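The values are calculated or read from the model by the stated rules, or taken from the named source; none is laboratory data. This one's a predicted model, so the numbers in the text were calculated from it and none came from an experiment. In this analysis, Cβ positions are derived from the backbone assuming ideal geometry, glycine residues included, and neighbour counts consider all displayed protein chains.
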Amino acid sequence: MSDDGIMTTPPEFPIEDIAPTGDVVLDVKYSNGRRGYRVESSDLKKSSRYFRALLGSGFSEAKSVEEGLARLAIQGVKPSEAPADSLPHIEIEQDDVGSRVPSTYLFAAFPDLLRIVHGQAVTSVVKIRYLAALAVIADRFNCADAVSRTWASVVGNSKRTTWLQSPPPNYAPGIDSKLGLLEEEEIRQSILVSWIFNLPREMYVYTQALIRCGSRLWLLQEEEAGHQEDGAGLQEDDASLWGPWWDLPDGLEDELQRRRECIMATLASIPRHFLGLYLSRQRQCPLGSASCDSFHLGEMVKFLTRRWLVSLVDFSPNGAGHLPNAIAACASVQPNRILSILREMPGYQIDDSHKSCGPRRRMQRILDCMGFALASKSIPIDWDGWKTDRASASWFSSDAGHKVYTFRFDLHLTMDHFVNGLHGSEQLMKSMFTANEWDWTPEP
């Protein structure tokens, strides 16, 4: 019993006063500890659908709170004046989140979430992993909208965050660089935060980065690299893979992987198309020279194999043994880098009479338009489009596997069709990247 006669029990864990005059204590059990937070139930219910339901009628927690406040009323004590250990307690389990987010970030993020809900400024240093933990908790307790509404005034003004102003430090479009584990994790955390907290600009920047750079996880899925002898793949016991950002919610993970695969398949179709032309019986040389066609076929094969864009497989049982290395060499390359390689295809001629022959000249227009397409706004995921009309925004086809679509390149396509948002340009790019087959040199 306290000095003023109020019945209390010694606290078994520290209680932090989020709201010094609050009427409820949240008893939060983390995976490796326990903490209490004194809060105002009306603020919780106003901002969180989770607490609105939990403290509403029909739940035992609501009944427990009512009984606790009734006991205080019998003693003639206002909840705002009662010590924290005499207030009704609500138990909150954080194990499901704690198993995927480090407890050190949960300890900082959860009380800051409560501060934001109560209209207070946060005190933690705002880093991307902290923001990701905050987003995960806000999503769990159904108060992401409230946090998003107060983001600029509560979080943005108190601690400016560098990730909101620029892409990741090692992300540079067109540079052949494989994302490290930490860099990819930062990109993924940024996507998760931007999605949950309604940040369209950041969603655009970081989905674009992951689509261009690719993911180590996607590569492992394709190669079954968990069984690689060199151990270069991600290990199951790697703690950094526990975060929910490694499996982005609401279809984002599958969509990002799909867009990356579609872009790479479209790029791969360009050299494959021209190899097919020069392997065919139809003469490609305007002068009808078989020697000219053979010369350019040999030059293409030599160039593409040296740059790991094409692999030759013999008929021996082990002929395909080197393919995983070839796939790994290109799977994490940025699409702009592949365009740059294709632009380097030599323009050698068999003699001066064949200056207009060869695939290099015929590819140029295609590569230019592809470069415009990769720079367009249709590549990243648009937050509003994904939120309001996911079926139209997705690159997955509803009749996938039942309909074969062939994209036929039009020589009249210009930069305006891809970059400047002409009517139908977004659908044009979507049809190009999601095609099953490509005809890059259709008959006029």
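So that you can scan it fast, the table gives a plain yes or no per residue for (1) in the same structural domain as Leu309 (by TED's automatic domain parsing); (2) in contact with a His (Cβ under 7 Å, 6 or more places away or on another chain); (3) surrounded by fewer than 16 Cβ atoms within 10 Å (Cβ to Cβ):
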residue: Gly347; (1), (2), (3): yes, no, yes
residue: His354; (1), (2), (3): yes, no, no
residue: Gly358; (1), (2), (3): yes, yes, no
residue: Met363; (1), (2), (3): yes, no, no
residue: Ile366; (1), (2), (3): yes, no, no
residue: Ala373; (1), (2), (3): yes, no, no
residue: Thr388; (1), (2), (3): yes, no, yes
residue: Trp395; (1), (2), (3): yes, no, no
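Looking at (1) out of contact with any Cys (no Cβ under 8 Å at 6 or more places or on another chain); (2) in contact (Cβ under 8 Å) with a residue 60 or more places away in the chain; (3) surrounded by 15 or more Cβ atoms within 10 Å (Cβ to Cβ), which is the only condition Val117 fails?
All conditions pass for Val117, except number (1).
Which numbered condition in (1) crowded, with 19+ Cβ neighbours inside 10 Å; (2) modelled with pLDDT of 95 or more; (3) of a type outside the set (D, E, K, R) is the only one that Gly251 fails?
(1) is the only condition that Gly251 fails.
Kindly list the number of the only condition in (1) at pLDDT below 90; (2) of a type outside the set (A, V, I, L, M); (3) over 16 Å from Arg258 (Cβ atoms) that fails for Gly401.
(3)
Of all helices (runs of 4 or more DSSP H) completely enclosed by the range 42-106, which ones contain at least 1 residues that are in contact with a strand residue (DSSP E or B) (Cβ under 7 Å, 6 or more places away or on another chain) and assigned by TED's automatic domain parsing to the domain that holds Gly22?
Of the helices (runs of 4 or more DSSP H) lying wholly inside the range 42-106, those with at least 1 residues that are in contact with a strand residue (DSSP E or B) (Cβ under 7 Å, 6 or more places away or on another chain) and assigned by TED's automatic domain parsing to the domain that holds Gly22 span 60-74, 95-98.
So which pairs qualify, if the first residue must be in the range 294-315 and within 20 Å of Gln349 (Cα to Cα) and of a type in the set (D, E, K, R), the second must be surrounded by fewer than 20 Cβ atoms within 10 Å (Cβ to Cβ) and modelled with pLDDT of 95 or more, the Cβ gap must be under 9 Å, and the two must be at least 6 apart or on different chains?
Correct list of pairs: empty, since none qualify.
Under the condition of being of a type outside the set (A, V, I, L, M) and crowded, with 21+ Cβ neighbours inside 10 Å, which residue from the range 187-201 is farthest from Asp145 (Cα to Cα)?
My answer is Arg188.
Going by the structure shown, is Leu312 modelled with pLDDT of 85 or more and surrounded by fewer than 19 Cβ atoms within 10 Å (Cβ to Cβ)?
no
Could you pull out the residue among Ser64, Ser153 that is among the hydroxyl-bearing types (Ser, Thr, Tyr), under 18 Å from Ile196 (Cα atoms) and either within 28 Å of the chain's Cα centre (by Cα) or at pLDDT 85 or above (or both)?
Of Ser64, Ser153, the one residue that is among the hydroxyl-bearing types (Ser, Thr, Tyr), under 18 Å from Ile196 (Cα atoms) and either within 28 Å of the chain's Cα centre (by Cα) or at pLDDT 85 or above (or both) is Ser153.
Could you list, in sequence order, all residues of the range 10-55 that are acidic (Asp, Glu) and free of Cβ contacts under 8 Å to residues at least 40 places away in the same chain?
If the condition is that a residue be acidic (Asp, Glu) and free of Cβ contacts under 8 Å to residues at least 40 places away in the same chain, then Glu12 is the only one that fits.
Quick grid of which residues meet (1) assigned by TED's automatic domain parsing to the domain that holds Gln349; (2) surrounded by 11 or more Cβ atoms within 10 Å (Cβ to Cβ); (3) modelled with pLDDT of 95 or more; (4) over 28 Å from Ala135 (Cα atoms):
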| site | (1), (2), (3), (4) |
| --- | --- |
| Glu224 | no, no, no, yes |
| Glu229 | no, no, no, yes |
| Glu236 | no, no, no, no |
| Ser240 | no, yes, no, no |
| Gly243 | no, yes, no, no |
| Asp247 | no, yes, no, no |
| His273 | yes, yes, yes, yes |
| Arg281 | yes, no, no, yes |
| His296 | yes, yes, no, yes |
